[in-house]
Structures are given as structure tokens and as C-alpha cells.
Amino acid sequence: MNKIIEKTYFSDKVVQLVVENPMIAKSRKPGNFVILRIGEDGERFPLTISDADPVRGTITLVVQIMGVSSSKLVALEVGDSITDLVGPLGKPTHIENIGTVLAAGGGVGVAPLLPIVEAFKKAGNRVVTVIAARNKDLIILEDEIRKWSDEVIVMTDDGSHGRQGLVTVGMEEIIQREKVDECIVIGPAIMMKFASLLTKKYSIPTQASLNSIMVDGTGMCGACRVTVGGKTRFTCVDGPEFDAHQVDFDEMLMRLGGYKAEELRATEIYSQKL
Amino acid sequence: MSLNPEYLKEERNQMWRAELRSKTKNKERMLIQRVKMPELAPAVRVKHQDREVNMGLELNQALTEAARCMDCVNPTCIEGCPVSINIPKFIKYIEQGEILLAAATLKETNALPAVCGRVCPQEKQCESRCFYVEKTDKPAVAIGHLERFAADFERNSGSSNIPDTAKPNGIKVAAVGSGPASLSFAGDMVKYGYDVTVFEALHEIGGVLKYGIPEFRLPNSVVDFELENLRKMGVKFETNYIVGRTSSFDDLREEGYQGFFIASGAGLPRFMEIPGENYNGILSSNEYLTRVNLMGAAMDDKDTPVLKGKNVAVIGGGNTAMDSVRTALRLGAQRAMIIYRRSEAEMPARVEEVKHAKEEGVEFMTLCNPLEYFADEKGRVSGMRLNRMGLGEPDSSGRRRPMPIEGSEFELDVDLVVVAVGVSPNPLVPSCLPDLKVTKWGTIVVDEEKMQSSISEMFAGGDIVRGGATVILAMGDGRRAAENMDHYLKNKSNQ
């Protein structure tokens with residue numbers, strides 16, 4: 001169980017893992033996430049499932065090295081097992097045929113966006129996708145996204161691939177060109193904040209998939225709380241997707257930094273150990 | 001669930017019990033002073049998250065305390081026990097020096113005696129119904145201390161008595177969640193001969209016993225020992241498994257499961273919904289205790305961090321609040337405060353927990369209510385505004401209603417706030433079962449006697465039914481659910 005079957009480096013910091021877990025492979029839906037723990041001293045942390053193969057009994061996860069836990073996960077090799085893996089968690093994405101969907105993914109956010117793009121396409125929508133990253137190396141899953149999109153715009157901060165500019169530039173171009181019925185954005189909180197501000201300007205219903213800090217991930221601890229429409233909600237059981245226009249992204253950004261000092265210290269200790 | 005009076009009489013009439021009764025006169029028994037639980041000194045214990053405060057009775061203390069018990073004709077104490085332990089029988093075994101037989105007696109009806117001996121509010125249950133309390137002005141027999149003594153004695157003896165189980169009947173049943181309700185259910189069902197699997201969402205078995213109750217009150221090693229006993233009896237455990245999500249109830253039915261006991265516990269922590277409550281450094285007691293107890297966040301070699309505070313405010317007056325505030329002290333708080341909107345008399349926490357907290361230096365700011373939080377430029381909580389409360393007429397809970405006193409507002413410097421004002425039921429499992437009847441609060445509706453839900457093969461108990469109760473009430477639910485599920489499944493197979 002939880003054995004790593006394949007490991008692919010998208011860049012030196014971004015890695016895709018195909019993990020054996022037949023039950024989750026069968027039961028997961030687009031938008032679901034899992035909680036992982038690496039080693040007996042490890043912490044619990046969430047990752048959104050980017051793909052699954054119920055026949056092979058595998059799920060696919062994409063992880064970017066950020067701190068200790070992601071480093072520990074990436075340090076595992078093919079044949080190793082993840083100590084604890086539980087899911088699928090969170091409410092699945094609401095998928096229906098609504099017309100034209102604009103999907104926007106930033107950085108590793110493109111990985112969880114992929115199954116949603118696929119599901120919207122399969123439901124009969126026209127899907128236009130904007131994927132964005134700092135540079136060419138950090139653009140991931142472009143071919144897979146193309147497979148399920150009617151059109152793809154690639155944006156990089158430095159212009160090393162696709163066009164130069166932020167994700168919102170590509171999004172606004174589409175919005176001005178054609179009628180968009182719904183928008184979905186997944187990426188760093190700051191990217192989702194600005195993408196949401198953009199679509200709010202054009203009154204396009206928008207879902208954002210939030211990446212809050214979690215401990216248990218099952219609705220017990222409340223670490224993942226976020227203010228949506230003035231009310232406190234829990235990302236793990238009420239989300240992870242919310243009406244982006246109602247999300248208090250500034251509060252979310254503040255809360256994501258709540259353990260910054262502890263994280264930096266832990267990363268330092270971990271790198272000294274290596 | 002009560003023991004048959006005829007059976008109790010028969011047991012009481014056994015020769016050894018009769019002889020023991022005649023050996024010491026009741027008058028002499030009544031002259032013995034109630035034993036005092038030896039405790040680790042406050043100055044020492046506040047430095048150790050992992051050292052138990054109550055150290056347990058010595059053998060001679062236990063023998064003497066056991067002699068206080070009159071072995072009453074009508075043992076009312078048993079009526080006060082949610083899992084119906086044969087209390088006089090186990091205590092008389094202690095008096096006779098047969099401690100292992102006392103432990104075996106506990107395990108006849110209680111899957112977790114070492115746990116209950118530590119965390120049950122005996123003063124509100126068995127001990128409140130003791131002869132001494134009902135008929136004299138003397139304190140009750142220390143039933144809880146003796147229970148713990150017998151269970152610990154067995155654990156430390158290296159020999160563990162495994163209760164008899166019926167011949168396996170091959171019928172598969174599932175318990176959802178692995179807290180006290182489920183463990184108690186599993187213990188009884190495996191005795192009846194069922195093939196029991198306990199499914200747990202977290203990576204550790206034990207539920208609130210592991211993530212909630214701190215080491216200084218209930219060491220994890222004690223819980224693990226009781227789990228090992230259940231394993232030896234044949235109970236199977238699956239971690240990282242959310243029934244309804246990882247696989248569906250239908251999947252489990254296809255695998256042959258015929259009965260389900262849902263005890264998925266109290267979930268969502270409640271907050272007060274006051275301004276600033278989402279600042280960093282304000283967290284639920286569930287989060288705080290889970291980080292420290294389940295994830296070991298206070299230890300250097302663990303990856304999970306925990307925020308530490310110099311001035312820590314814990315909001316609430318229950319046992320969880322006491323556990324949180326005492327944890328904060330042990331993690332280095334200079335000032336650890338309980339902020340509670342009623343007075344100490346209304347506090348739901350056990351008297352013992354309040355006493356321990358005070359000895360350790362916790363400040364009790366009763367009749368105070370938080371209004372708002374302030375933060376520094378990084379969003380970390382730095383202070384709070386409160387007002388003082390007075391008590392008015394009794395409210396629906398029977399406790400006097402706290403009312404704000406006009407013009408009494410004041411501010412307090414705090415850098416960590418733990419909110420322990422209760423929990424709402426965990427929606428994760430009920431949300432997978434559209435046909436399951438739940439209340440407007442999200443608790444599962446059950447027949448109170450049978451613990452059976454609106455889906456006939458599904459029973460439920462513990463906090464997912466009660467909303468927030470004690471370990472022992474959850475265990476009582478587990479036992480009742482087991483008894484009634486057994487009847488239900490047997491009737492079904494006879495039809």
C-alpha cells in the first residue's frame with residue numbers, strides 16, 4: 001500500500017509521483033485531496049490528487065519542494081512507501097455543462113487543475129486554459145492540459161516560454177474575446193487573489209481551490225479556517241473549493257504565514273542533517 | 001444496561017466474599033480515612049508534558065481503601081456506572097489481595113479500565129452513588145483510584161488476562177472511528193463472537209484518547225496496552241481509512257459487513273465568531289492538543305510545529321480547556337489563564353482538573369468574556385478585549401445565565417489563545433449517508449435505548465450522537481449498541 005510506482009522530475013523542485021492506493025484511486029473525484037505523513041516523525045499535510053487510474057489502482061500527486069515535509073516526500077524513491085496516506089478528502093468539484101469554462105493554473109496548481117479541466121471537457125464544455133509560472137522550467141503538464149482544452153495560453157513571468165506576463169493577462173484576453181460562463185483558479189494564494197479580482201470585475205462566477213494549512217484534514221482541528229462571505233469555513237470539509245469572490249484572500253495569506261518562523265527553523269535543521 | 005440482580009446476589013453470596021465481610025466489622029471499615037492519590041509535585045510536573053500528575057496508589061494504600069467498601073447488599077454504585085462494572089466484586093478482590101482477579105472483573109464489562117480509572121468523572125458517577133455518600137457524611141470509596149490500581153497492577157505484572165470470547169460466528173461488523181465508544185463496542189462484539197474491524201481516519205488508533213487527552217493525564221502507552229488486549233481478543237484495526245470516503249458503505253456491505261457502529265466523534269471546533277478570531281496564534285483546543293498529543297509537536301525531533309506563548313489565554317471551562325491551559329504551562333507559558341464567562345461553580349471541568357490547574361499556577365479569570373482580538377503587523381495575536389459578567393436567572397442548561405456588566409470592558413496582553421468552547425459533530429461520515437436521520441445540529445438520531453439509527457443495521461454512539469460528552473458515556477453507548485446490534489443481527493439471521 002502507498003508504494004511509489006513512478007517518479008518524474010518536472011524540474012529540480014517539482015516532482016510527480018504515481019502512488020499505489022487502489023481504494024483512493026477508485027473513490028476519488030476531481031477536486032479531492034489526500035493527507036500524507038512521511039515517517040514516524042512526520043507532520044500531516046494535504047496534497048490535491050492530480051490524476052488517478054482505477055484499473056492500475058494508482059493516484060498521481062505533484063509536489064513542489066517547499067520545506068521539510070515536501071523534501072521528505074521527494075526523497076522517497078520508486079519502491080518506497082508513503083507512511084500514511086488518507087483520502088479522498090474535501091468536496092469534489094461541481095462539474096456540469098455550463099458552456100465555456102476558463103481554467104487558470106499557477107505553478108504546481110496546474111496539477112490539481114488537470115482532472116478538473118478533463119472533467120469539464122468530458123461534460124461537454126468549451127474549455128480554455130491559462131497556465132502560468134515564473135519560468136519555462138516551472139510550467140508543468142502542458143501536454144496533458146492541451147489534451148483536454150480547446151485552447152491553451154501559456155504565460156511566464158520572464159517570457160522564457162509562451163508569453164511574458166502574469167496569469168491574469170492571459171485570462172483577461174479570453175474574457176474580453178468571448179463569453180466565459182465559469183472560471184476555476186488554482187495556484188498560489190496571491191495568484192488566486194488577483195485572478196479572483198479580475199473575474200469579479202467581469203462578474204464571472206469563479207471557484208478557487210484553497211491550499212490552507214491543515215493538521216488532521218478531517219474537520220477536527222480548524223487550522224484550515226478561512227473567511228468566506230464573512231463566515232468562518234473549514235477548507236478541509238467545506239472546501240477546498242469556494243466562491244472565489246467571497247474568499248478573504250488577505251486573511252488567507254496572513255494565515256499561510258502563521259508558522260513561517262517554525263518552518264524556516266525546521267528547514268534549516270533538516271538541511272543540516274542531510 | 002444493568003447487571004442482573006440475581007447474578008449480583010449470587011456473586012455476593014460466594015463463600016470468599018461472605019468470609020471477607022465477616023473478617024472486618026463494618027464499624028471498623030467506616031473508621032478508615034479515604035486514601036489520597038499521590039501526586040507529582042506541581043513545581044516538577046509543570047516542566048514535563050509527559051509525566052503523569054496522578055502517580056497511582058501503592059499496594060498497601062489500595063488494600064486499605066478496598067477495606068472501606070462495605071460490599072453492600074444493594075450496590076447502588078453499579079447503577080452509577082455507564083458500563084456496569086461489578087464494583088463490589090472487583091474491590092473485594094483487591095481487599096483479598098487478588099489484584100489480577102480484580103483486573104479480570106473490570107474487563108468483564110470495561111474494555112479500557114486503565115483509561116477509565118484515570119479520566120472518568122467518578123465523583124459524578126459510581127462514587128456519587130456510594131453508600132458513604134448516600135447514607136453518611138463520609139467521602140465515597142475511591143472507586144476510580146482502585147480501578148486504576150487494578151488495571152495498572154495487571155499491566156505492570158506482565159501477565160495480561162484476555163477475556164473469554166464466544167466461538168467466532170463469522171459475521172463481519174464495522175466500527176467507524178476508534179475512540180472510546182468504538183473500542184467499547186468492539187470489545188463486546190468480539191466477546192459475542194463477531195468478526196470486528198475498527199476503521200480510523202487518523203494514522204493512530206484511539207481517537208480522543210490519543211489526540212485529545214494529554215500525556216500528563218493519560219499516557220499513550222496506557223492506551224496502547226488496552227488496544228493490544230483488544231487485538232489479542234481478535235479485534236482488527238484499519239488506520240487511514242474513512243468509511244464513506246476511502247470506500248463506501250456499499251463497498252463494505254459487498255465485503256460482507258452486516259452491521260455498522262458509527263462513532264466518528266465530535267468534529268468541527270466551535271469558535272465564538274468575534275472580531276479578530278482568525279488571527280494567527282488563535283486556535284481551537286482540538287488543534288492545539290492534536291499538535292502536541294498526537295503529533296508530538298513539543299518534541300524537537302517531530303516535524304509538526306506548535307506555537308508557543310508567553311501569555312496564553314484559554315477560553316472555556318471544561319476539561320478540554322483545563323487540558324489546554326495546563327499544556328500551555330508545560331510548553332513554557334509565563335502566564336496561563338482560563339477565561340470563563342460563568343463562575344467556578346458552573347464550570348463543567350472535573351473538580352480534580354481545576355484543583356491540579358490551580359496548584360500548577362493557572363490563573364482563573366472567571367466571569368469574563370472575550371469581545372475582540374488584536375494583532376501585530378504580521379497578523380499574530382497580541383491582545384484581547386473582554387468584559388466582566390454577572391450571573392442572572394438560570395438558563396435552559398439550569399446554570400445561571402452570564403450577563404455582561406456595562407462599562408466593565410478591559411484589555412489583556414496575550415500572544416496565544418486557545419478556544420475551547422465546544423465542538424460540533426463531525427460531518428464527514430453522516431454526509432456520505434443521505435438516508436441517515438440527523439438532528440439540526442448534525443448529530444445522528446438514534447433510539448436512546450438501542451442506539452439504533454434510522455438505517456436499521458447502523459447503530460451510533462459517543463459524541464456523534466451526544467454532541468460532546470465524556471469518555472465513559474461514549475463507552476456506555478458502545479456497550480448498549482453492541483448488545484442491541486447482537487440481538488438485531490441474530491433476529492435477522494433467524495428470520
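Quick check for me: using +1 on Lys/Arg Cβ and -1 on Asp/Glu Cβ, what's the dipole size of region B:116-195 about its Cα centre, in debye to the nearest 20?
The dipole magnitude comes to about 100 debye.
Any chance you could get the radius of gyration and Dmax over the Cα atoms of region B:95-250, in Å?
17.1, 57
If you take the square roots of the eigenvalues of the alpha-carbon gyration tensor of region A:120-193 and sort them as a ≥ b ≥ c, do you get rounded (a/c under 1.5), prolate (a/b over b/c) or oblate? Mind dumping the intermediate values first?
Numbers: a/c = 1.70, a/b = 1.37, b/c = 1.24.
The shape class here is prolate.
Once you wrap a convex hull around the alpha carbon atoms of region B:121-191, what is its projected area averaged over all directions, in nm²?
It is 7.2 nm².
Rank B:Ser128, B:Asn13, B:Ala345 by how far each Cα sits towards the positive end of the charge dipole of chain B (+1 on Lys, Arg Cβ; -1 on Asp, Glu Cβ) and give me just the farthest.
After comparing all options, I get B:Asn13.
What percentages, rounded to whole numbers, describe P(r) for the protein assembly as shown computed over all alpha carbon pairs with 20 Å bin width beginning at zero?
16, 45, 31, 8, 1
For region B:143-177 and region B:90-122, write down the distance between their C-alpha centroids in whole Å.
Centre-to-centre (Cα) distance: 10 Å.
If you find the alpha carbon centre of region B:227-288 and of region B:424-467, how far apart are they in angstrom?
13
How much of the DSSP beta bridge set in chain B is antiparallel, as a percent to the nearest 5? List each step's numbers first, then the result.
On the way: 20 of 54 bridges.
Taking every DSSP beta bridge with both residues in chain B, the antiparallel ones total about 35 percent.
Is the shape of region A:60-139 best called rounded, prolate or oblate, per the rule: a/c under 1.5 gives rounded, else a/b larger than b/c gives prolate, else oblate, with a ≥ b ≥ c the square roots of the Cα gyration tensor eigenvalues?
oblate
Provide, in order from the shortest bin, the percent of all Cα-Cα pairs of region B:377-495 in each 5 Å bin, continuing until the bin that contains the maximum pair distance.
Reading the bins upward from 0: 2, 9, 13, 13, 13, 11, 11, 9, 8, 6, 3, 2, 1, 0, 0.
So if I take the centroid of the Cα atoms in region A:22-56 and the same for region B:1-58, what is the distance between those two points in Å?
Measuring centre to centre over Cα atoms gives 49 Å.
Over all directions, what mean area does the Cα convex hull of chain B project, stated in square nanometres?
Projected area, direction-averaged: 25.3 nm².
With a/c under 1.5 counting as rounded, go ahead and sort region A:212-258 into rounded, prolate or oblate using the C-alpha gyration tensor (a ≥ b ≥ c being the square roots of the eigenvalues; past the cut-off, prolate if a/b is larger than b/c, else oblate).
Values: a/c = 2.08, a/b = 1.27, b/c = 1.64.
Cα axes put region A:212-258 in the oblate bin.
Which value, in Å³ per residue, describes the convex hull spanned by the Cα atoms of region B:231-278?
150
By what distance, in whole Å, do the Cα atoms of region A:112-266 stretch along each of the three principal axes, largest value first?
Answer, in whole Å and largest first: 42, 33, 28 Å.
Using the C-alpha atoms of region B:160-210, what convex hull volume per residue, in cubic angstrom, is computed?
83
So how strong a dipole does region A:141-274 carry about its Cα centre when Lys and Arg Cβ are +1 and Asp and Glu Cβ are -1, to the nearest 20 debye?
380
What translational D, rounded to a whole number of µm²/s, comes out for region B:65-152 from Stokes-Einstein when the hydrodynamic radius is the Kirkwood one over Cα pairs, at 10 °C and 1.306 mPa s?
This corresponds to a translational diffusion coefficient of 127 µm²/s.
Equivalent-ellipsoid semi-axes (√(5λ), Cα gyration tensor) for chain A, whole Å, largest first?
Values for chain A, descending: 28, 21, 19 Å.
How far, in nm, would the chain grow between B:Met30 and B:Arg400 when pulled straight, counting 0.36 nm per residue and subtracting the alpha carbon separation?
Once the chain is fully extended between B:Met30 and B:Arg400, it gains 129.5 nm.
Label-point separation (nm) for B:Gln495 and B:Asp250, each offset 7 Å from Cα along Cα-to-Cβ?
The modelled label-to-label distance comes out at 2.2 nm.
What does the charge dipole of region B:341-495 about its Cα centre add up to, to the nearest 20 debye, if the Cβ of each Lys and Arg holds +1 and the Cβ of each Asp and Glu holds -1?
Values: 20 positive and 26 negative charges, 118 e Å.
Around 560 debye, computed over region B:341-495.
Per-residue ellipticity at 222 nm for the protein assembly as shown, helices alone: DSSP H runs ≥ 4 residues times -39500 (n - 2.57), over residue total, nearest 500 deg cm²/dmol?
-9500 deg cm²/dmol
Computed from the coordinates by the stated procedures, all read-outs in this text should not be read as laboratory data. On a predicted model such as this, the values are computed, not experimentally measured, just so you know. Neighbour counts are summed over all protein chains in view; Cβ atoms, including those assigned to glycine, are modelled from backbone coordinates with ideal geometry.
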